[in-house]
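Shown next, in C-alpha cells, is the structure this report addresses.
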Amino acid sequence: MHFRSRGSRRRPGESSSSTCSPVTLSTRAPCAVLLLVAIAARAESAPPEATQPISPVLRVGVETGAGILGGALIGGAAAFTLYSTLGSSSGDDQSRNTAAQVGAAVGVSVGAPIGVSLAGKLLGRDGSFIISWLTSVAGLGVGYGIYGLVRSGSDSSAAKATYALTLLLPVAGAVIGYEISSKPAQPQPTAGTVQLVPVLALGPGRGTVGLAGTF
C-alpha cells in the first residue's frame, strides 16, 4: 500500500513560504545592546574588602579606557550595521557614510557609559549608570554642535577632523558623570587603632563596670 500526505506537493509555479524570519546582525545588535545596558544598570559594585585602593588618576584612567573600548565596540557595530543596511537599498555612498558617522557617534554615547560603569563597579565605585549615560549624551550634543558649526563655515580637512569630538566628548562625559555620582570612599580603619567599649558585669550581690578594648 502507498500513502501520500496531503499538502506535501506544491503546484507548479507556487512559491514556498516560511514562518521563520532570518536572524541578521541588524536584529541581533539591538538585543545585545539592551542586554549590556541592563547589566551595567543593575550591576553591584565590588565589596570594599575585595578591592585594593588605587589613586584617583589610575581609576579615571581605567574607566576612560573601558569607556573607549565599550564605545568602539557598540559604535563600530552601529556604523557597520547602518552602512550595510543602506548599501543593500541605496547606491549613494555619501548617504551611507553620513548614516555610518551618525550611528558611530550615537553608539559611542551608549557604549561608553556601559564600559565606564562596569569598570567602576569592578573597582568598588557606586556611580550611577543613568547619570553617566546622560552626561555622555550631553557630550555627544556638544561635539556635534561644534562639528556642525565648524563645517558650516569650512570644508577643509581640519574642519572635517572636528568629527572626532563627537566620539571623544561622549567618553569624557560618561567618565565625568560616573565620577560625580559616586559617593566618596569611606576611610578604612588603620592598623593600631584603639577602640574602647564600656562593659557592665553583674554578679551575686555585686556589679562591675569596666572597659573592653581592641588594639
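The values are calculated or read from the model by the stated rules, or taken from the named source; none is laboratory data. The structure presented is a predicted model; accordingly, all values stated were derived computationally and were not measured. Neighbour counts are summed over all protein chains in view; Cβ atoms, including those assigned to glycine, are modelled from backbone coordinates with ideal geometry.
Points to keep in mind about this one:
- Selection from segment 133-161 of residues that are over 23 Å from I180 (Cβ atoms) and assigned to a helix (DSSP H, G or I): Y147, G148, L149, V150, R151, S152, G153, S157, A158, A159, K160, A161
- Matching residues, segment 102-127, being buried (at least 17 other Cβ atoms within 10 Å of the Cβ) and in a loop (DSSP other than H, G, I, E, B): L123, G124, R125, G127
- Any chance E49 is among the acidic types (D, E), modelled with pLDDT under 60, over 14 Å from the mean Cα position of the chain (by Cα) and assigned to a helix (DSSP H, G or I): yes
- For A164: the one exception among (1) part of a helix (DSSP H, G or I); (2) modelled with pLDDT of 90 or more; (3) surrounded by 15 or more Cβ atoms within 10 Å (Cβ to Cβ): (3)
- Hits in segment 148-171 (condition: free of Cβ contacts under 8 Å to residues at least 60 places away in the same chain and either touching a Lys or Arg at 6+ places or on another chain (Cβ under 8 Å) or under 20 Å from A138 (Cβ atoms) (or both)): G148, L149, V150, R151, A159, K160, T162, A164, L165, L168, L169
- Screening S84, S95, S136 for residues that are crowded, with 17+ Cβ neighbours inside 10 Å and not basic (K, R) leaves exactly one candidate, S136.
- Here P184, P170, P189 are screened, and the one residue that is modelled with pLDDT of 65 or more and not in a helix (DSSP H, G or I) is P184.
- Some residue of segment 71-88 being out of contact with any Asp or Glu (no Cβ under 7 Å at 6 or more places or on another chain) and either among the acidic types (D, E) or within 16 Å of I176 (Cα to Cα) (or both): yes
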